[in-house]
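The values are calculated or read from the model by the stated rules, or taken from the named source; none is laboratory data. These numbers were taken from a predicted model, which means no experiment stands behind them. Neighbour counts run over all protein chains shown; Cβ positions are idealised from the backbone, glycine included.
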Amino acid sequence: MSNDNILSVDHLMMRFGGIVAVNDLSFAAERRKITALIGPNGAGKTTVFNCITGFYRPSGGAIRLAHDDGRVVKLERLNDFRISRQAKVARTFQNIRLFPGMTALENLMVAQHNVLMRASGLTFLGLIGAPSWRSAEERAIELARTWLARVGLLPRADDAAGNLPYGDQRRLEIARAMCTEPALLCLDEPAAGLNARESGALNELLLSIRGEHGTSILLIEHDMSVVMEISDHVVVMDYGVKIAEGTPQAVRDDPKVIAAYLGADEEEAIAVMESTP
Amino acid sequence: MSATSARPHASQPSDSAFILKKALISAAVALVLFSLMIGIRTEAGPEGNLIYWTRFGDLAAIVATVFGGSIIVELLRQWWGPVDKERIVPKPVQSAMSFAGRWLAPALLGFTVLVPVIFYDQRYILDLSILVLTYVMLGWGLNVVVGLAGLLDLGYVAFYAVGAYSYALLATNFDLSFWVCLPLAGILAALWGVMLGFPVLRLRGDYLAIVTLAFGEIIRLVIINWQSLTGGPNGVSGIPRPTVFGIPLDNSDDGLAAKLGIEFSPTHRLVFLFYLILAMALITNWVTIRLRRLPIGRAWEALREDEVACRALGINTTTTKLTAFATGAMFGGFAGAFFATRQGFISPESFTFQESALVLAIVVLGGMGSQLGVALAALAMIGGFELFRGFDQYRMLVFGIAMVLLMIWRPRGLIGHRAPTVFLERNQAISSDLVKEGHG
């Protein structure tokens, strides 16, 4: 494996009382690559995500984020909002968490809170309408407009986020995460509930985020068409431990993975896996 | 409700059967409920024995009223249609309403500015409008906490009290003028807002409401018991009246009337107070509208919508909540200082839970987050309260019924929709169904 890892997870351990949700998990995500974290339901994928994005404090182990400029952040020491603000890790949620009563544009403006807060002189410059604040706000609206256009939601910019169709909400959440200008984008099942056409569009969007922005992506996904098509590296988890990792093709043919997904009967498992695209 | 809304509105046999059935059930419940409460009256006899007599006539009247009332309510409901349904309003009515909506706020403001001119001789109306404006200001202040940030605060009166006592004590002990004390009162109240904010940061919903309620009571009890500072239940009297930037509003040779060469009248002070509170309320409004369009205001609303998402976007929810508490408290403190200078005397009696409940009711009735709605609700609540004074003991009853009706027809307050803070092409209101109330 190359040494240019943006994220390295070492011996991560997460216990909830007596339950060990993640047990001694180690993997790395390469810079400017798409890494997928897959596994059957209850494997502990979302727990890993919550540890990386600061919603849980790991019981043990280390999570390191290496920025382009060589700065290394110890994610297990940060928590809460600091992960996004200082470590530049953005995330989306398995069950979409937009601000439904705010417009699509407002959602993207909220994402730029920290930049705008500084520009508004902690509100005081903004209150008197200082020119520096106004230009900062215009820049923020411009960035939001760019991302709305990228996800194809520009015509719906002024509609309430809660009124958008499901697929649009998924894409808006990704756009909102990108408005925080992250180094690492963590997506929790971005294709859940999308139809074939929508998940195709999602693939293109994620590839363009990786290609044009150079943002590294870590994603949890059940939709194999997404995982197989766009990921550069796949990590497979089951019962809180890593059971396999490698290229999509290698993982796909790994009997341990097939067994984990479909029970022990490998003959049957292989047949099902081959019938899926 | 859904059972009736599925039927067409024109009266049909099934409809009338349904109404009759419902009315009969209501009447039966009333019969059971009131048969002992009203039907039989007991009293201690002259020798200590129990005597009773029946009042079946009254009971029959009550049951008949419930029966008839139930039919009327059902008919009203059918006539009105389901609460959450989009009603098709004819075009001219629609345009008239949007016209009224656009001009209501400026018209109201224009009328308010002219109130002292129109009602110059009617002291009662002037007094009442000062009171209404005080509550408008309090409502706008609380709106920041409850309406924007979605933090249910039942102890808002604490900050009102802090502001009032700050001014009263600073002015009587240190001879500071109103204009020096006003910002101090605001700052002190904001400080207490932050102090309240810290312990309640982790609380949500009902728990937050209980703790803020207790906080309001604590402040009041401290004021009552700290006799050496606050004078306890006797309050603080002899609070200086406001001056027009140093020129007193009295009958002396230095007074404003003498300086302007006009005849002195006590109404001058009332008019001055009126414009003072109007200016303070409008500044509150302006600042709030401004704040909504700044990142901090958007963060407040985002916090109300989804706190977890806020954290994922790098918003410090702690400071965001604290600034909301502090901002709301500061406006409460300003209003408190004004209250003290208007009354000239304050005591803990003025800062009971009832005040908090009243201000909260204004915010909720007005439509959480809507500035115009809060102003209208304050007018309706305080003005309406005075209007029903003639009803004497039935005033609370009428008032309660009015509020229940309003909540049935407009569950999200008078003005429930939300105006976006920024837009690209179309500035369209967001339906109240989508806007969250916040979870604390």
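Scan the range A:79-88 and give yes if some residue there is facing chain B (nearest Cβ under 7 Å), touching a residue at least 60 places away in the same chain (Cβ under 8 Å) and crowded, with 24+ Cβ neighbours inside 10 Å, otherwise no.
Just the residues of the range A:79-88 that are facing chain B (nearest Cβ under 7 Å), to begin with: A:80-81, A:84-85.
This time we only want the ones that are touching a residue at least 60 places away in the same chain (Cβ under 8 Å), so: A:84.
Now narrow it down to the ones that are crowded, with 24+ Cβ neighbours inside 10 Å: A:84.
Within the range A:79-88 (the criterion being facing chain B (nearest Cβ under 7 Å), touching a residue at least 60 places away in the same chain (Cβ under 8 Å) and crowded, with 24+ Cβ neighbours inside 10 Å), the answer is yes, since at least one residue qualifies.
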Among helices (runs of 4 or more DSSP H) entirely inside the range B:171-234, those with 1 or more residues being among the β-branched types (Val, Ile, Thr), within 30 Å of B:ASP306 (Cα to Cα) and at pLDDT 90 or above are B:178-200, B:205-225
Lone qualifier among A:THR180, A:THR146 - being closer than 26 Å to A:VAL89 by Cβ, surrounded by fewer than 18 Cβ atoms within 10 Å (Cβ to Cβ) and among the polar types (S, T, N, Q): A:THR146
Under 9 Å between Cβ atoms, at least 6 apart or on separate chains: pull out the pairs that start in the range B:16-36 with a residue that is not assigned by TED's automatic domain parsing to the domain that holds B:ALA61 and among the basic types (Lys, Arg) and end on any residue that is in a helix (DSSP H, G or I) and modelled with pLDDT of 90 or more. none
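Would you please name the residue that is surrounded by the most Cβ atoms within 10 Å (Cβ to Cβ), looking only at residues in the range A:184-199 that are in contact with a Ser or Thr (Cβ under 7 Å, 6 or more places away or on another chain) and outside any strand (DSSP E or B)? So that I can check it myself, show each step before the final result.
In the first step, residues of the range A:184-199 are kept if they are in contact with a Ser or Thr (Cβ under 7 Å, 6 or more places away or on another chain); the result is A:184-188, A:190-191, A:199.
Imposing the further condition that a residue be outside any strand (DSSP E or B) reduces the set to A:190-191, A:199.
Details: A:PRO190: 26, A:ALA191: 24, A:SER199: 20.
Among residues in the range A:184-199 that are in contact with a Ser or Thr (Cβ under 7 Å, 6 or more places away or on another chain) and outside any strand (DSSP E or B), the one surrounded by the most Cβ atoms within 10 Å (Cβ to Cβ) is A:PRO190.
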Every residue in the range A:61-116 that is touching a helix residue (DSSP H, G or I) at 6+ places or on another chain (Cβ under 7 Å) and on the phi > 0 side of the Ramachandran plot, please. A:ASP80
Please determine whether any residue of the range B:308-315 is out of contact with any Asp or Glu (no Cβ under 7 Å at 6 or more places or on another chain), surrounded by fewer than 23 Cβ atoms within 10 Å (Cβ to Cβ) and in contact (Cβ under 8 Å) with a residue 24 or more places away in the chain. no
From the residues in the range A:106-140 that are more than 7 Å from chain B (Cβ to nearest Cβ) and of a type in the set (Val, Ile, Thr), which one is surrounded by the fewest Cβ atoms within 10 Å (Cβ to Cβ)? A:ILE128
Out of (1) at the interface with chain B (Cβ under 9 Å from one of its Cβ atoms); (2) surrounded by 20 or more Cβ atoms within 10 Å (Cβ to Cβ); (3) more than 22 Å from B:PRO420 (Cα to Cα), what's the single condition that is false for A:PRO100? (3)
Residue count for the range A:188-201, restricted to those that are more than 13 Å from the chain's Cα centre (by Cα) and at pLDDT 90 or above: 0
Can you pull out every residue in the range B:235-254 that is touching a residue at least 12 places away in the same chain (Cβ under 8 Å), part of a loop (DSSP other than H, G, I, E, B) and farther than 27 Å from B:PHE351 by Cα? B:PHE245, B:GLY246, B:LEU249, B:ASP250, B:ASN251
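Scan the range B:388-397 and tell me whether some residue there is among the aliphatic types (A, V, I, L, M), away from chain A (no Cβ under 14 Å) and either farther than 30 Å from B:ALA185 by Cα or not in a helix (DSSP H, G or I) (or both).
Taking the range B:388-397 first, the residues among the aliphatic types (A, V, I, L, M) are B:396-397.
Okay, now just the ones that are also away from chain A (no Cβ under 14 Å), so B:396-397.
Next cut, either farther than 30 Å from B:ALA185 by Cα or not in a helix (DSSP H, G or I) (or both) only: B:396-397.
Among the residues of the range B:388-397, at least one is among the aliphatic types (A, V, I, L, M), away from chain A (no Cβ under 14 Å) and either farther than 30 Å from B:ALA185 by Cα or not in a helix (DSSP H, G or I) (or both), which makes the answer yes.
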Scanning the range B:290-336 for residues that are more than 14 Å from B:GLY150 (Cβ to Cβ) and basic (Lys, Arg), which turns out farthest from the other protein chains (Cβ to nearest Cβ)? B:ARG293
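Is it the case that the range B:209-222 has a residue that's aromatic (Phe, Trp, Tyr), in contact with a helix residue (DSSP H, G or I) (Cβ under 6 Å, 6 or more places away or on another chain), closer than 20 Å to B:ALA324 by Cβ and assigned by TED's automatic domain parsing to the domain that holds B:ILE346? Quick ask: steps written out before the conclusion?
Our first condition is that a residue be aromatic (Phe, Trp, Tyr); within the range B:209-222, this holds for B:215.
Within this subset, residues satisfying the condition of being in contact with a helix residue (DSSP H, G or I) (Cβ under 6 Å, 6 or more places away or on another chain) are B:215.
Subset that is closer than 20 Å to B:ALA324 by Cβ: B:215.
From what's left, assigned by TED's automatic domain parsing to the domain that holds B:ILE346: B:215.
Scanning the range B:209-222, I find at least one residue that is aromatic (Phe, Trp, Tyr), in contact with a helix residue (DSSP H, G or I) (Cβ under 6 Å, 6 or more places away or on another chain), closer than 20 Å to B:ALA324 by Cβ and assigned by TED's automatic domain parsing to the domain that holds B:ILE346, so the answer is yes.
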Output yes when any residue across the range B:319-329 is closer than 28 Å to B:PHE399 by Cα, not in a helix (DSSP H, G or I) and not charged (D, E, K, R), and no when none is. no
List every residue pair whose Cβ atoms sit under 8 Å apart, with the two residues 6 or more apart in sequence or on different chains, where the first one lies in the range B:404-432 and is in contact (Cβ under 8 Å) with a residue 60 or more places away in the chain and more than 8 Å from every other protein chain (Cβ to nearest Cβ) and the second, anywhere, is exposed (fewer than 15 other Cβ atoms within 10 Å of the Cβ) and outside any helix (DSSP H, G or I). B:ILE408/B:VAL83; B:TRP409/B:VAL83; B:PRO411/B:VAL83
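Among the residues of the range A:145-186, write down those that are among the aliphatic types (A, V, I, L, M) and more than 9 Å from chain B (Cβ to nearest Cβ).
Residues of the range A:145-186 among the aliphatic types (A, V, I, L, M): A:148-149, A:151, A:153-154, A:157, A:160-161, A:164, A:172, A:174-175, A:177-178, A:183-185.
A:ALA149, A:VAL151, A:LEU153, A:LEU164, A:LEU172, A:ILE174, A:ALA175, A:MET178, A:ALA183, A:LEU184, A:LEU185 - these are the residues of the range A:145-186 that are among the aliphatic types (A, V, I, L, M) and more than 9 Å from chain B (Cβ to nearest Cβ).
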Residue list for the range A:43-71, restricted to those being farther than 11 Å from A:LEU12 by Cβ, assigned to a loop (DSSP other than H, G, I, E, B) and either touching a residue at least 60 places away in the same chain (Cβ under 8 Å) or within 14 Å of chain B (Cβ to nearest Cβ) (or both): A:ALA43, A:THR53, A:GLY54, A:PHE55, A:ARG57, A:HIS67, A:ASP68
For the range A:31-40, does any single residue satisfy the condition of being of a type outside the set (Val, Ile, Thr), away from chain B (no Cβ under 14 Å) and surrounded by fewer than 17 Cβ atoms within 10 Å (Cβ to Cβ)? yes
Is it the case that A:PHE55 is hydrophobic (A, V, I, L, M, F, W, C), assigned by TED's automatic domain parsing to the domain that holds A:GLY214, at pLDDT below 90 and out of contact with any strand residue (DSSP E or B) (no Cβ under 8 Å at 6 or more places or on another chain)? yes
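Restricting attention to the range B:204-221, which residues are of a type outside the set (A, V, I, L, M, F, W, C) and closer than 24 Å to B:TYR165 by Cα?
Selection gives B:THR212, B:GLY216, B:GLU217, B:ARG220.
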How many residues of the range A:90-105 are within 7 Å of A:ALA161 (Cα to Cα) and part of a strand (DSSP E or B)? The answer is 1
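Yes/no per residue for (1) under 16 Å from the mean Cα position of the chain (by Cα); (2) at pLDDT below 90:
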site: B:ALA309; (1), (2): no, no
site: B:LEU322; (1), (2): no, no
site: B:GLY328; (1), (2): yes, no
site: B:GLY333; (1), (2): no, no
site: B:GLY390; (1), (2): no, yes
site: B:ALA402; (1), (2): yes, yes
